[in-house]
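Novice: Before I ask anything, here is the structure I am working with.
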Amino acid sequence: MNFLKAEWRKLAIINYEINPEILMKYLPAGTEPDFYKGKCYLSVVGFMFLNTKLLGIPIPFHRNFEEVNLRFYVKKKENGTWKRGVVFIKEVVPKPALSFVANAVYKENYHTMPMKNLIHEKENELLIRYSWKDKTWQSIQITAENEAKTMEAGSEFEFITEHYWGFTKKENQTSTYEVCHPKWKSYPVKDHQLTLDFATMYGKDFECLNYQEPISVMLAEGSEIEVKTKKSTL
């Protein structure tokens, strides 16, 4: 059953390599870090939620909004098959009702903060910016070419975007839900800016990222998506 249907659009993704030992305490039971070419990735992701429906019903004043999250990549073996998914450290949205539903139903770590976005398109260039206010305004911004490219098999972009499960940790239990969407196209990135204090926003475990350069920067077009109802708690 579909719990949520929406569009995820213009996903600004800034990737870092991180020591997997830092992530161990955040791992849901039964999962393990998923690596790309021997590297453990963690990503800051900002995007637009559009035309959102919960259980098929559009909720007034909660259809279109920004989200920014910090996530890492895991896999879990079930019945001989690997499920590749993500674990969220923290997700930020602009409306309290969104945080309440996500935290209550999916046990995710959603927080409500003032947010705004800028999406500027011209013939040859895209400018995407997502901003949120913790104690001060912080933002993720990407400038890219305005022509989306087809995903390459085996690419880093495929690894980052082709994780179709969400895993959440609550004490010694693991909840699993499925996210369905087609393969995404990407825009060639020309420049980026990230104004973010990782320690203040996400805790001391991630302070090291304040002193690291990203391993890569991506901009995905996105698509319509469906989030299935929570399937199991293990």
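None of the figures in this text is laboratory data; all of them are computed from the coordinates on show. Predicted model, so just to flag it, every value in this text is computed and none were measured. Reconstructed Cβ throughout: ideal geometry from the backbone, glycine too, with neighbour counts over all protein chains shown.
Novice: Just want to confirm a number: the relative contact order over segment 170-234, from Cα pairs under 8 angstrom separated by 6+ residues, in percent.
Specialist: 59 percent
Novice: Among Phe167, Phe35, Phe49, which one moves the most in a GNM of the chain with springs linking Cα atoms closer than 10 Å?
Specialist: Phe35
Novice: Show the residues, 5+ positions off or on another chain, whose built amide H is closer than 5 Å to the amide H of Ile215.
Specialist: Close amide H contacts, sequence-distant or interchain: Asn15, Tyr16, Glu17.
Novice: Could I ask something else about it? Counting other Cβ atoms within 10 Å, which GluC sites (Glu not before Pro) in segment 165-234 have at most 11 and lie in a DSSP loop?
Specialist: Glu171
Novice: Once fully extended, how much extra length lies between Glu226 and Ala29, figured as 0.36 nm per residue of separation less the alpha-carbon to alpha-carbon distance?
Specialist: 68.5 nm
Novice: Dipole magnitude of the chain about its Cα centre, charges +1 at Lys/Arg Cβ and -1 at Asp/Glu Cβ only, in debye to the nearest 20?
Specialist: Its charge dipole is roughly 840 debye.
Novice: Pulled fully out, how much extra length does the chain show between Asn19 and Thr81, if you take 0.36 nm times their separation in residues and subtract their Cα-Cα distance?
Specialist: Roughly 19.7 nm would be gained on extension.
Novice: Mind telling me which of Ala153, Ala12, Ala199 comes out most flexible in a GNM of the chain, alpha-carbon contacts under 10 Å?
Specialist: Ala153
Novice: Now a separate question. Residue by residue, what Karplus-based ³J(HN,Hα) values in Hz, rounded to whole numbers, does segment 75-84 have, using 6.51, -1.76 and 1.60 with θ = phi - 60° and x for Gly and Pro?
Specialist: Each residue's phi maps through the Karplus curve to give 9, 9, 8, 9, 6, x, 10, 7, 9, 9 Hz.
Novice: I need to check one value: relative contact order of segment 119-215, counting alpha carbon pairs closer than 8 Å and at least 6 residues apart, in percent.
Specialist: 26 percent
Novice: Taking springs between alpha-carbon atoms closer than 10 angstrom, which of Lys76, Lys122, Lys169 fluctuates most in the Gaussian network model of the chain?
Specialist: Sorting by GNM fluctuation, first place goes to Lys122.
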